[in-house]
Amino acid sequence: MTVREALNSALDEEMSADHKVFLMGEEVGEYQGAYKISKGLLEKYGPERVLDTPITEAGFTGIGVGAAYYGLRPVVEFMTFNFSMQVLSGQQSCFAIDHIINSAAKSNYMSAGQISVPIVFRGPNGAAAGVGAQHSQCYAAWYASCPGLKVLSPYSSEDARGLLKAAIRDPDPVVFLENELLYGESFPVSDEALDSSFCLPIGKAKIEREGKDVTITAFSKMVGYALKAAEILSKEGINAEVINLRSIRPLDRSTINASVRKTNRLVTVEEGFPQHGVGAEICTSVIEESFGYLDAPVERVAGADVPMPYAANLERLAVPQVEDIVRAAKRACYRSVPMAAAA
Amino acid sequence: MAIWLLARSRTIIQRLPKMMPCFGVLYHSSSSFHYSASPSSSFLMSHGPRRLTSGTTPFFFFFSRPESTKAHTQLEQLYTSEDDDDQAIDFPGGKVAYTCEMRFISESAEKRVPCYRVLDDNGELVSHSNHVQVSKEMGVKMYTNMVTLQIMDSVFYELQRQGRISFYVTSMGEEAVNIASAAALSAHDVILPQYREPGVLLWRGFTLEDFANQLMGNKADFGKGRQMPIHYGSNSLNYFTVSSPIATQLPQAAGVAYSLKMDAKNACAVTYFGDGSTSEGDFHAALNFAAVMEAPVIFFCRNNGWAISTPVQEQFRSDGIVVKGQGYGIRGIRVDGNDALAVYSAVHTAREMAITESRPILIEALTYRAGHHSTSDDSTKYRPIHEIEYWKMTRNPVNRFKKWVEKNGWWEDKDEVELRSSVKKQLLEAIRVAEKTEKPSVEEIFNDVYDQLPSNLEEQERLLRQAIHNHPEDYPSDVPSRRHFPPISVPEEYAEDIFSVSSNCSPSANGWRERDSY
Ligand SMILES: Cc1ncc(C[n+]2csc(CCOP(=O)(O)OP(=O)(O)O)c2C)c(N)n1
């Protein structure tokens with residue numbers, strides 16, 4: 001099952017299970033979504049539950065929030081260009097960020113629990129390929145820094161199904177960060193995950209690969225890179241444990257710390273910018289809770305601290321590659337201890 | 001609970017047949033746009049030169065504004081005819097008359113705002129047409145630029161299909177909008193484009209080589225390979241770099257215009273945008289601010305009927321864009337975007353008004369996106385082929401203008417053959433060279449993030465170079481380097497530890513923290 005099919009089936013099942021769930025966004029109906037995630041849904045649920053909107057992100061986000069205030073369960077899609085070209089979700093959600101941060105995230109709190117906002121904001125996030133600075137940005141850290149929001153980021157088809165269903169059923173606003181380059185990828189899916197009652201817990205990470213020498217944390221597309229890196233490392237006798245975060249907020253600190261206590265080494269991987277990034281948060285958590293267990297400085301692998309360049313050669317250098325993860329893990333493993341003594 | 005928000009009443013099945021007449025069949029029907037050969041353009045004359053405001057326009061004898069829209073007359077009637085004259089309220093903004101009639105203003109005028117044109121589909125001047133004169137030199141230059149743009153589009157589009165560039169957007173069908181509007185401006189006017197106006201840049205002297213370099217993202221690109229294809233820009237040509245998020249250029253244009261006004265420049269700002277972009281809040285903020293700040297800016301809307309797969313009827317329910325100007329107190333005109341002379345005249349006149357009267361002007365050009373939205377799109381999936389064909393053939397703006405220059409005796413078949421072959425040759429050569437030109441060098445990743453390279457980026461660059469040096473096999477081979485950093489040299493036995501320490505100290509983690517020495 002591809003990630004696209006997984007997302008589509010999750011939407012379909014949740015819409016059929018709960019008539020209050022509806023989808024809105026640019027080109028989600030007639031065009032079936034820029035990435036065909038909403039394929040067949042207009043036909044099945046009609047134009048009242050699959051709404052094409054004008055190009056007014058702030059507008060339809062606000063409308064979605066209002067609908068959620070009043071008891072509906074909107075799924076707001078931030079579109080992209082067609083087919084497999086451009087990632088605009090982040091950019092578009094930024095047009096709408098006031099509604100996401102100041103309305104969706106805070107209303108439950110400000111209304112003393114009287115106005116909940118069961119809404120999902122979803123769409124592709126992060127870097128695609130060859131689309132430059134304004135189309136290539138990871139918003140995980142942005143949204144994850146905001147209390148009141150939940151931030152999920154699936155990697156596999158099972159993640160996509162289980163997490164999207166969880167997001168739609170959740171009473172709180174959820175930012176759901178997909179990745180364009182994963183839509184077409186196929187993953188095996190268990191029978192259990194195919195069941196329409198399937199759902200994953202929000203706030204739980206998944207250990208994708210067990211290991212004992214070094215912990216690698218990643219989310220979304222970078223999980224695949226981390227697994228590839230682990231494969232390469234295993235040939236050199238390094239047994240890496242790969243954690244798929246799944247949930248960026250809440251962050252599964254206990255799974256991460258338990259793993260680091262076992263491996264004593266940590267590499268964090270993300271596509272976003274390094275400063276105040278997801279890796280920075282994970283690193284802090286480990287320093288706070290498992291400092292004594294660390295045998296090496298934490299390695300952060302992140303995107304370069306610059307807007308994304310377009311030229312293919314520069315772009316390649318600005319986003320993390322499998323080799324970067326491999327080398328970071330090796331550094332973490334081969335270092336002498338303690339570090340400071342070397343100064 | 002019923003979902004009434006934005007709900008559309010039709011299903012796909014109902015919708016497709018409805019969409020079809022939107023543009024393709026128009027020309028047979030009389031219900032909506034009047035593009036066909038009816039001589040209705042004499043509306044300008046028949047209504048006479050009434051004026052909306054006291055600001056007059058003494059500079060063009062030919063000028064008379066088509067302000068007599070139905071909406072306008074209705075509004076006037078509503079507020080004047082049966083009003084209780086001695087009963088008026090003095091209100092900020094002027095006196096408002098009282099009326100005892102409870103009457104709601106209609107959501108739309110009975111008739112759509114007419115569309116100004118000069119040439120009919122056969123390139124004939126329509127009778128009574130008033131327009132700005134175009135000299136032979138200007139006419140020929142406009143035509144050759146339109147053809148160049150056409151050829152550029154077909155060659156670059158093909159280049160993308162061959163996988164040699166990642167993305168492309170054509171301006172097919174909008175050649176007149178591009179070139180004629182550019183021709184009517186001065187080089188000092190500042191352009192804030194969307195992405196479908198490369199013709200303006202072409203007109204201003206951006207060379208085929210410049211275009212090719214940008215698309216290839218090589219080191220000769222003015223944008224240093226930072227921006228995706230078609231995001232051209234040129235400081236020297238007063239053309240702001242294309243920005244991907246739509247409509248952001250609109251409020252910015254009002255800002256630029258305000259600054260031109262403060263500097264008392266004899267220039268205006270001109271910003272282009274599609275019909276879809278008018279749904280963004282930025283459009284509305286821009287119009288309102290420009291009006292209030294009395295900023296000399298031309299808002300040029302290319303209403304090409306589609307925003308990717310969204311037709312205008314799904315985008316707004318007003319009579320297009322031009323009527324929105326009035327809501328903000330902005331003067332506007334609707335023009336046939338496939339008539340180069342009409343576009344030229346309207347922009348020329350708008351420019352004079354904008355600058356001498358210090359005011360924004362809204363122009364809505366009715367045209368058609370004859371190509372796909374971009375190379376990521378297949379528009380035959382959502383619009384009928386006959387509609388596309390109709391606009392490509394019958395309403396083709398380049399053919400129409402060609403007929404006119406030919407009739408003037410300014411252009412012959414042999415000129416055409418010569419032009420096409422020389423442009424093509426020059427273009428292919430430009431591409432060949434651009435493709436072979438080196439890519440931007442490593443330091444271009446870091447330059448210009450800030451005005452001065454800060455120490456953390458300097459550090460990153462050093463680490464990156466070290467990593468490339470240590471692991472050349474992991475990096476692309478086409479990364480030239482200009483800036484010279486001395487390599488970090490440390491005795492072999494300390495290397496590991498020193499790298500570790502520096503990594504602890506470095507606040508800026510990144511993908512290439514290269515301190516390993518194995
Ligand atoms: C803020 C934002 N939302 C959505 C998009 C995706 N997008 C790119 S072009 C486009 C359509 C714009 O249509 P229009 O303004 O009519 O211009 P046209 O392409 O027809 O020339 C959309 C929705 C974007 N680039 N930026």
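On the Cα set of chain A, report Rg and Dmax in Å, please.
19.9, 67
Please give the total accessible area that chains B and A bury against each other, computed with a 1.4 Å probe and expressed in Å² to the nearest 100.
Heavy-atom accessible area buried at this interface is about 6200 Å².
Step through the table entries B:141/B:219; B:392/B:425; A:39/B:381; A:330/B:224, compare each Cα-Cα distance with 23 Å, and write down the pairs that go over it.
B:141/B:219; B:392/B:425; A:330/B:224
On average, how many beta carbons from a partner chain sit within 10 Å of the beta carbon of a residue in B:232-244?
Across the residues of B:232-244, the mean count of other-chain Cβ atoms within 10 Å is 1.
Got a sec? What order do B:372, A:135 fall in by accessible area at 1.4 Å, biggest, i.e. largest, first?
B:372, A:135
So, counting K/R as plus one and D/E as minus one, what does the shell of residues with Cβ under 10 Å around residue B:273 add up to?
My count for the surroundings of residue B:273 gives -2.
With heavy atoms of protein chains only and a 1.4 Å probe, what residues of segment A:272-311 have at least 50 Å² less accessible area in the full set of chains than alone?
A:300, A:305, A:306, A:310
On average, how much area does the Cα convex hull of segment B:136-436 cover when viewed from any direction, in nm²?
Taking the Cα atoms of segment B:136-436, their convex hull projects to 14.9 nm² on average.
Return the Rg/Rh ratio of segment A:206-342 with Cα-based radii and a Kirkwood Rh.
Rg divided by Rh gives 0.96.
Quick check: at a probe of 1.4 Å, how many percent of the accessible area of chain A sits on carbon and sulfur atoms?
Answer for chain A is 53 percent, counting heavy atoms of protein chains only.
Show the residues, 5+ positions off or on another chain, whose built amide H is closer than 5 Å to the amide H of residue A:151.
The list, which skips near neighbours in sequence, is A:175, A:248, A:249.
So if we plug the beta-carbon distance of residue B:425 and residue B:236 into 1/(1 + (r/R0)^6) with R0 = 25 Å, what FRET efficiency do we get, rounded to 0.05?
It comes to 0.45.
If I model a spin label at residue A:115 and residue A:288 as a point 7 Å from the Cα along the Cα→Cβ vector, what separation in nanometres do I get?
3.1
What number comes out for accessible area per residue over segment A:111-263 if the probe is 1.4 Å? Units Å², please.
That works out to 33 Å² per residue.
Check the straight Cα-Cα distances from residue B:424 and name the aspartates and glutamates below 19 Å, setting aside those fewer than 8 residues away within the same chain.
Filter leaves B:153, B:158, B:175, B:209, B:210, B:412, B:413, B:415, B:416, B:435.
Put A:117, B:256 in order of accessible area, largest first, 1.4 Å probe: what do you get?
The most accessible residue leads, giving B:256, A:117.
The values are calculated or read from the model by the stated rules, or taken from the named source; none is laboratory data. All figures in this text were calculated on a predicted structure; none of them were measured in a lab. Ideal geometry is used to build each Cβ from the backbone, glycine not excepted, and the neighbour counts take in all protein chains shown. To get the accessible areas, we keep the full protein, side chains included, count just its heavy atoms, and leave off ligands, DNA and RNA. Shrake-Rupley method; radii C 1.70, N 1.55, O 1.52, S 1.80 Å.
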